[in-house]
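Report on the structure given below.
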Amino acid sequence: MKNEWLPTAENYKKMVDRALEGCFRLPESDPMHGFAEAARYSLLAGGKRVRAMLVLEFCRISGGRPEDALDVACGVEMLHAYSLIHDDLPCMDNDDLRRGKPTNHIVYGECVATLAGDVLQAEAFRSVLHAGVSESARLRCARLLADAVGMDGMCGGQYLDMIGEGKTLSADELDDINLRKTGALLAASCAMGTAAADGSREQEKAALQFGRLIGLAFQIRDDMLDVLSTSDELGKPVGSDREENKNTYMALLGPDACSREIRRLTDEAVALLRGAFRDTAFLEAFAEKLAERKN
(Lines give C-alpha, C1' and ligand atoms only; values in the text may rest on other atoms or scores of the structure.)
Protein backbone atom coordinates (compact mmCIF):
# COMPACT_ATOMS: atom_id res chain seq x y z
CA MET A 1 0.00 0.00 0.00
CA LYS A 2 1.08 3.59 -0.56
CA ASN A 3 2.12 5.62 2.46
CA GLU A 4 -0.79 8.05 2.09
CA TRP A 5 -3.36 5.25 2.37
CA LEU A 6 -5.65 5.72 5.38
CA PRO A 7 -8.09 3.33 7.07
CA THR A 8 -11.34 4.90 5.93
CA ALA A 9 -14.62 3.26 4.99
CA GLU A 10 -14.22 4.59 1.45
CA ASN A 11 -10.71 3.16 1.05
CA TYR A 12 -11.70 -0.21 2.46
CA LYS A 13 -14.77 -0.39 0.23
CA LYS A 14 -12.67 0.41 -2.85
CA MET A 15 -10.22 -2.36 -1.93
CA VAL A 16 -12.98 -4.92 -1.53
CA ASP A 17 -14.99 -3.87 -4.58
CA ARG A 18 -11.89 -4.08 -6.81
CA ALA A 19 -11.10 -7.56 -5.54
CA LEU A 20 -14.69 -8.80 -5.90
CA GLU A 21 -14.89 -7.43 -9.43
CA GLY A 22 -12.38 -10.10 -10.44
CA CYS A 23 -14.44 -12.97 -9.01
CA PHE A 24 -16.61 -15.32 -11.09
CA ARG A 25 -15.45 -13.82 -14.40
CA LEU A 26 -15.93 -16.27 -17.25
CA PRO A 27 -16.05 -15.69 -21.03
CA GLU A 28 -19.46 -15.92 -22.70
CA SER A 29 -18.25 -19.01 -24.55
CA ASP A 30 -17.86 -20.89 -21.26
CA PRO A 31 -20.88 -23.13 -20.49
CA MET A 32 -20.72 -21.92 -16.87
CA HIS A 33 -20.94 -18.24 -17.88
CA GLY A 34 -24.64 -17.87 -16.97
CA PHE A 35 -24.05 -19.52 -13.60
CA ALA A 36 -21.13 -17.21 -12.86
CA GLU A 37 -23.15 -14.16 -13.90
CA ALA A 38 -25.91 -15.09 -11.44
CA ALA A 39 -23.36 -15.25 -8.62
CA ARG A 40 -21.78 -11.95 -9.71
CA TYR A 41 -25.19 -10.27 -9.88
CA SER A 42 -25.70 -10.51 -6.13
CA LEU A 43 -22.04 -10.27 -5.14
CA LEU A 44 -21.62 -6.97 -6.99
CA ALA A 45 -25.08 -5.53 -6.30
CA GLY A 46 -23.75 -2.82 -4.02
CA GLY A 47 -23.88 -2.78 -0.26
CA LYS A 48 -21.67 -1.09 2.31
CA ARG A 49 -19.20 -4.01 2.66
CA VAL A 50 -19.59 -3.74 6.44
CA ARG A 51 -18.36 -7.25 7.16
CA ALA A 52 -15.36 -6.97 4.85
CA MET A 53 -14.37 -3.64 6.43
CA LEU A 54 -14.48 -5.25 9.87
CA VAL A 55 -12.14 -8.02 8.68
CA LEU A 56 -9.64 -5.54 7.27
CA GLU A 57 -9.70 -3.08 10.17
CA PHE A 58 -9.42 -5.73 12.86
CA CYS A 59 -6.50 -7.18 10.92
CA ARG A 60 -4.84 -3.76 10.94
CA ILE A 61 -5.33 -3.01 14.65
CA SER A 62 -4.16 -6.54 15.50
CA GLY A 63 -0.80 -5.86 13.86
CA GLY A 64 -1.43 -7.19 10.34
CA ARG A 65 -1.63 -5.66 6.87
CA PRO A 66 -5.18 -5.26 5.56
CA GLU A 67 -4.16 -6.18 2.01
CA ASP A 68 -3.00 -9.60 3.25
CA ALA A 69 -6.51 -10.28 4.60
CA LEU A 70 -8.31 -9.19 1.44
CA ASP A 71 -9.21 -12.74 0.36
CA VAL A 72 -10.61 -13.36 3.85
CA ALA A 73 -12.73 -10.21 3.53
CA CYS A 74 -13.94 -11.29 0.07
CA GLY A 75 -14.88 -14.70 1.46
CA VAL A 76 -17.05 -13.05 4.09
CA GLU A 77 -18.78 -10.95 1.41
CA MET A 78 -19.44 -14.08 -0.68
CA LEU A 79 -20.96 -15.77 2.34
CA HIS A 80 -23.13 -12.74 3.04
CA ALA A 81 -24.28 -12.57 -0.60
CA TYR A 82 -25.28 -16.25 -0.47
CA SER A 83 -27.38 -15.62 2.63
CA LEU A 84 -29.21 -12.72 0.97
CA ILE A 85 -30.03 -14.74 -2.15
CA HIS A 86 -31.50 -17.55 -0.06
CA ASP A 87 -33.34 -15.16 2.29
CA ASP A 88 -35.11 -13.62 -0.70
CA LEU A 89 -36.27 -16.93 -2.23
CA PRO A 90 -40.03 -17.62 -2.51
CA CYS A 91 -39.77 -20.39 0.08
CA MET A 92 -38.20 -17.95 2.57
CA ASP A 93 -39.02 -14.20 2.61
CA ASN A 94 -40.22 -14.11 -1.02
CA ASP A 95 -38.80 -10.63 -1.70
CA ASP A 96 -38.75 -9.00 -5.13
CA LEU A 97 -36.26 -6.21 -4.36
CA ARG A 98 -32.82 -6.12 -2.79
CA ARG A 99 -30.75 -2.92 -2.67
CA GLY A 100 -33.16 -1.32 -5.10
CA LYS A 101 -32.74 -4.04 -7.73
CA PRO A 102 -34.74 -7.17 -8.59
CA THR A 103 -33.71 -10.08 -6.41
CA ASN A 104 -31.64 -12.91 -7.87
CA HIS A 105 -34.50 -15.35 -8.38
CA ILE A 106 -36.57 -12.69 -10.16
CA VAL A 107 -33.75 -12.23 -12.71
CA TYR A 108 -32.39 -15.77 -13.05
CA GLY A 109 -35.15 -18.03 -11.78
CA GLU A 110 -35.46 -19.89 -8.52
CA CYS A 111 -33.28 -22.90 -9.43
CA VAL A 112 -30.33 -20.84 -10.69
CA ALA A 113 -30.62 -18.43 -7.74
CA THR A 114 -30.49 -21.33 -5.28
CA LEU A 115 -27.38 -22.69 -6.98
CA ALA A 116 -25.81 -19.21 -7.08
CA GLY A 117 -26.21 -19.03 -3.32
CA ASP A 118 -24.75 -22.51 -2.93
CA VAL A 119 -21.67 -21.74 -5.00
CA LEU A 120 -21.07 -18.44 -3.20
CA GLN A 121 -21.03 -20.31 0.11
CA ALA A 122 -18.53 -22.86 -1.18
CA GLU A 123 -16.30 -20.28 -2.86
CA ALA A 124 -16.30 -18.23 0.35
CA PHE A 125 -14.34 -20.97 2.08
CA ARG A 126 -12.06 -21.39 -0.94
CA SER A 127 -11.25 -17.68 -0.78
CA VAL A 128 -10.47 -17.82 2.95
CA LEU A 129 -8.33 -20.95 2.62
CA HIS A 130 -6.27 -19.39 -0.19
CA ALA A 131 -5.70 -16.06 1.59
CA GLY A 132 -2.20 -14.59 1.75
CA VAL A 133 -1.80 -15.13 5.49
CA SER A 134 -0.16 -17.86 7.54
CA GLU A 135 -1.53 -21.39 7.35
CA SER A 136 -2.58 -21.29 11.00
CA ALA A 137 -4.37 -17.97 10.36
CA ARG A 138 -6.24 -19.43 7.38
CA LEU A 139 -7.41 -22.37 9.48
CA ARG A 140 -8.51 -20.09 12.33
CA CYS A 141 -10.46 -17.97 9.87
CA ALA A 142 -12.13 -20.97 8.25
CA ARG A 143 -13.15 -22.34 11.65
CA LEU A 144 -14.62 -19.00 12.69
CA LEU A 145 -16.56 -18.73 9.43
CA ALA A 146 -17.92 -22.28 9.73
CA ASP A 147 -19.01 -21.64 13.32
CA ALA A 148 -20.78 -18.46 12.21
CA VAL A 149 -22.91 -20.03 9.48
CA GLY A 150 -23.79 -23.51 10.74
CA MET A 151 -26.39 -24.73 13.20
CA ASP A 152 -25.02 -22.52 15.96
CA GLY A 153 -24.89 -19.52 13.64
CA MET A 154 -26.72 -18.04 10.69
CA CYS A 155 -28.51 -21.18 9.44
CA GLY A 156 -29.61 -22.10 12.96
CA GLY A 157 -30.88 -18.56 13.49
CA GLN A 158 -32.85 -18.69 10.26
CA TYR A 159 -34.44 -21.96 11.37
CA LEU A 160 -35.38 -20.57 14.79
CA ASP A 161 -36.82 -17.49 13.09
CA MET A 162 -38.90 -19.68 10.78
CA ILE A 163 -40.37 -21.91 13.50
CA GLY A 164 -41.03 -18.83 15.64
CA GLU A 165 -43.44 -17.38 13.08
CA GLY A 166 -46.96 -17.10 14.44
CA LYS A 167 -45.69 -17.25 18.04
CA THR A 168 -45.03 -14.46 20.51
CA LEU A 169 -41.34 -14.60 21.43
CA SER A 170 -39.65 -13.18 24.50
CA ALA A 171 -36.76 -10.70 24.31
CA ASP A 172 -34.32 -13.51 25.16
CA GLU A 173 -35.69 -15.71 22.38
CA LEU A 174 -35.47 -12.83 19.91
CA ASP A 175 -31.89 -12.13 21.01
CA ASP A 176 -30.97 -15.80 20.49
CA ILE A 177 -32.34 -15.73 16.94
CA ASN A 178 -30.62 -12.50 15.99
CA LEU A 179 -27.28 -13.29 17.65
CA ARG A 180 -27.20 -16.27 15.30
CA LYS A 181 -28.92 -14.92 12.21
CA THR A 182 -27.26 -11.48 12.02
CA GLY A 183 -24.73 -11.21 14.82
CA ALA A 184 -22.78 -14.40 14.17
CA LEU A 185 -21.36 -13.35 10.79
CA LEU A 186 -20.60 -9.82 11.98
CA ALA A 187 -18.83 -11.24 15.03
CA ALA A 188 -16.90 -13.73 12.90
CA SER A 189 -15.81 -10.93 10.56
CA CYS A 190 -14.23 -9.09 13.48
CA ALA A 191 -12.53 -12.18 14.87
CA MET A 192 -11.36 -13.33 11.42
CA GLY A 193 -9.56 -10.02 10.99
CA THR A 194 -7.70 -10.57 14.24
CA ALA A 195 -7.00 -14.19 13.33
CA ALA A 196 -5.67 -13.17 9.89
CA ALA A 197 -3.08 -11.02 11.66
CA ASP A 198 -2.17 -13.89 14.03
CA GLY A 199 -3.55 -11.78 16.87
CA SER A 200 -3.84 -13.14 20.39
CA ARG A 201 -6.71 -15.33 21.56
CA GLU A 202 -7.66 -12.55 23.98
CA GLN A 203 -7.96 -10.11 21.07
CA GLU A 204 -9.98 -12.65 19.08
CA LYS A 205 -12.36 -13.11 22.01
CA ALA A 206 -12.79 -9.34 22.39
CA ALA A 207 -13.35 -8.97 18.63
CA LEU A 208 -16.06 -11.66 18.72
CA GLN A 209 -17.88 -9.97 21.58
CA PHE A 210 -17.64 -6.57 19.90
CA GLY A 211 -19.19 -8.08 16.79
CA ARG A 212 -22.01 -9.72 18.74
CA LEU A 213 -22.90 -6.42 20.42
CA ILE A 214 -22.93 -4.33 17.25
CA GLY A 215 -24.72 -7.21 15.50
CA LEU A 216 -27.63 -6.95 17.91
CA ALA A 217 -27.64 -3.16 17.56
CA PHE A 218 -27.57 -3.60 13.77
CA GLN A 219 -30.62 -5.88 13.84
CA ILE A 220 -32.58 -3.60 16.14
CA ARG A 221 -31.84 -0.71 13.78
CA ASP A 222 -32.96 -2.90 10.86
CA ASP A 223 -36.28 -3.54 12.59
CA MET A 224 -36.71 0.18 13.21
CA LEU A 225 -35.98 1.05 9.58
CA ASP A 226 -38.58 -1.42 8.33
CA VAL A 227 -41.14 0.72 10.15
CA LEU A 228 -39.67 4.22 9.96
CA SER A 229 -37.87 4.30 6.59
CA THR A 230 -39.15 4.37 3.00
CA SER A 231 -38.66 1.92 0.16
CA ASP A 232 -36.55 4.50 -1.71
CA GLU A 233 -34.22 5.01 1.26
CA LEU A 234 -33.94 1.33 2.12
CA GLY A 235 -33.76 -0.12 -1.40
CA LYS A 236 -36.33 -2.79 -0.56
CA PRO A 237 -39.99 -2.93 0.52
CA VAL A 238 -40.74 -1.58 4.01
CA GLY A 239 -43.50 -2.57 6.39
CA SER A 240 -43.28 -6.26 5.50
CA ASP A 241 -42.41 -7.27 9.08
CA ARG A 242 -45.67 -5.81 10.39
CA GLU A 243 -47.74 -7.18 7.48
CA GLU A 244 -46.40 -10.68 8.07
CA ASN A 245 -46.73 -10.34 11.87
CA LYS A 246 -43.03 -11.11 12.37
CA ASN A 247 -41.30 -11.05 15.73
CA THR A 248 -39.23 -7.86 15.77
CA TYR A 249 -37.68 -5.56 18.35
CA MET A 250 -40.00 -2.78 17.19
CA ALA A 251 -43.05 -4.93 17.88
CA LEU A 252 -41.66 -6.05 21.22
CA LEU A 253 -40.12 -2.83 22.56
CA GLY A 254 -41.32 0.14 20.51
CA PRO A 255 -39.13 2.87 18.97
CA ASP A 256 -37.95 4.64 22.15
CA ALA A 257 -36.81 1.47 23.90
CA CYS A 258 -35.17 0.28 20.67
CA SER A 259 -33.17 3.51 20.46
CA ARG A 260 -32.06 3.15 24.09
CA GLU A 261 -31.00 -0.46 23.54
CA ILE A 262 -28.97 0.45 20.46
CA ARG A 263 -27.22 3.13 22.52
CA ARG A 264 -26.46 0.70 25.35
CA LEU A 265 -25.11 -1.99 23.04
CA THR A 266 -22.96 0.47 21.08
CA ASP A 267 -21.48 2.01 24.24
CA GLU A 268 -20.69 -1.44 25.64
CA ALA A 269 -19.06 -2.48 22.37
CA VAL A 270 -16.86 0.63 22.27
CA ALA A 271 -15.77 0.17 25.90
CA LEU A 272 -14.82 -3.44 25.16
CA LEU A 273 -12.84 -2.35 22.13
CA ARG A 274 -10.80 0.18 24.09
CA GLY A 275 -9.88 -2.47 26.62
CA ALA A 276 -8.35 -4.84 24.06
CA PHE A 277 -6.88 -2.69 21.27
CA ARG A 278 -5.00 0.59 20.98
CA ASP A 279 -5.95 2.26 17.70
CA THR A 280 -9.75 2.11 17.91
CA ALA A 281 -10.85 5.47 16.44
CA PHE A 282 -12.05 4.04 13.11
CA LEU A 283 -14.07 1.24 14.71
CA GLU A 284 -15.60 3.56 17.30
CA ALA A 285 -16.81 5.90 14.56
CA PHE A 286 -17.92 2.89 12.52
CA ALA A 287 -20.03 1.54 15.38
CA GLU A 288 -21.67 4.94 15.81
CA LYS A 289 -22.44 5.14 12.10
CA LEU A 290 -24.08 1.71 12.12
CA ALA A 291 -26.18 2.72 15.12
CA GLU A 292 -27.49 5.80 13.30
CA ARG A 293 -27.74 4.48 9.72
CA LYS A 294 -30.71 5.36 7.52
CA ASN A 295 -30.52 2.34 5.19
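Using a probe of 1.4 angstrom and keeping all protein chains present, the accessible surface of the chain works out to 47 square angstrom per residue. Note on Glu288/Glu135: beta-carbon distance plugged into 1/(1 + (r/R0)^6) with R0 of 41 Å gives a FRET efficiency of 0.65.
With a ≥ b ≥ c the root eigenvalues of the C-alpha gyration tensor of region 75-172, is it rounded (a/c under 1.5), prolate (a/b larger than b/c) or oblate? Walk me through the intermediate numbers first.
Values: a/c = 2.81, a/b = 1.31, b/c = 2.14.
Here region 75-172 falls in the oblate category.
When the GluC sites (Glu not before Pro) in region 4-110 are filtered for DSSP coil states and for at most 12 other beta-carbon atoms within 10 Å of their beta-carbon, the remaining sites are Glu4, Glu28.
If you plug the beta carbon distance of Arg126 and Met162 into 1/(1 + (r/R0)^6) with R0 = 22 Å, you get a FRET efficiency near 0.15.
Name the most mobile residue of Lys14, Lys167, Lys101, meaning the one with the largest mean-square fluctuation, in a Gaussian network model of the chain with Cα contacts below 10 Å. Residue with maximal mean-square fluctuation among Lys14, Lys167, Lys101: Lys167.
The relative contact order of region 128-184, computed from alpha carbon pairs under 8 Å that lie at least 6 residues apart in sequence, is 34 percent.
Each residue of region 69-74 was assigned a 3J(HN,Hα) from its phi angle through the Karplus expression (A = 6.51, B = -1.76, C = 1.60, θ = phi - 60°), giving 9, 5, 5, 5, 4, 5 Hz with x at Gly and Pro. Rounded to the nearest 500, the 222 nm mean residue ellipticity of the chain from helices alone is -21500 deg cm²/dmol, with -39,500 (n - 2.57) taken per DSSP H run of at least 4 residues. Here the accessible area is traced with a 1.4 Å probe on the protein chains. For region 136-220, carbon and sulfur cover 54 percent of it. Note on Lys14 and Lys101: their simple-model spin labels are 2.2 nm apart, each label 7 Å out from Cα toward Cβ. Set Lys and Arg Cβ to +1 and Asp and Glu Cβ to -1, take the dipole of the chain about its Cα centre, and tell me which of Ser229, Cys258, Ala287 lies farthest positive. The listed residue farthest towards the positive side: Ala287. Scanning residues 5 or more positions from Leu97 or on other chains, those with amide H under 5 Å from its amide H are Thr103, with H placed 1.01 Å from N in the peptide plane. Each Lys or Arg adds one and each Asp or Glu subtracts one; over the other residues with Cβ under 15 Å from the Cβ of Val112, this totals -3. Based on Cα contacts under 8 Å between residues 6+ apart, region 35-106 shows a relative contact order of 31 percent.
Taking the average, over residues, of other Cβ atoms within 10 Å as the packing measure, peptides 45-53, 178-186, 88-96 rank 178-186, 45-53, 88-96 from highest down. Listed values for region 248-261 are Karplus-derived 3J(HN,Hα) couplings in whole Hz (6.51 cos²θ - 1.76 cosθ + 1.60, θ = phi - 60°), namely 9, 5, 5, 5, 7, 10, x, x, 5, 5, 4, 4, 5, 5, and x replaces Gly and Pro. Using every pair of separate Cα atoms, the Kirkwood estimate puts the hydrodynamic radius of region 177-229 at 11.4 angstrom.
In this simple spin-label model, placing a label point 7 Å from the Cα along the Cα-to-Cβ direction at both Asp30 and Arg65 gives a separation of 2.8 nm. Computed about its Cα centre, the charge dipole of the chain is approximately 840 debye, with only Lys, Arg, Asp and Glu carrying charge at their Cβ. Quick one: Kirkwood hydrodynamic radius for the chain, alpha-carbon pairs, angstrom, one decimal? So the Kirkwood estimate lands at 19.4 Å.
Please compute the contact order of the chain in relative form: average sequence separation of alpha-carbon pairs under 8 Å and at least six residues apart, divided by the residue count, as a percent.
Over the chain, the number comes to 18 percent.
With R₀ set to 45 Å, the beta-carbon distance separating Glu110 from Leu6 gives a calculated FRET efficiency near 0.55.
The values are calculated or read from the model by the stated rules, or taken from the named source; none is laboratory data. Treat the numbers as computed from the prediction; the structure is a model and nothing was measured. Here Cβ is always computed from backbone atoms with ideal geometry, including for glycine, and neighbour counts include all displayed protein chains. Protein only, heavy atoms only, side chains kept; ligands, DNA and RNA dropped before computing areas. Shrake-Rupley method; radii C 1.70, N 1.55, O 1.52, S 1.80 Å.
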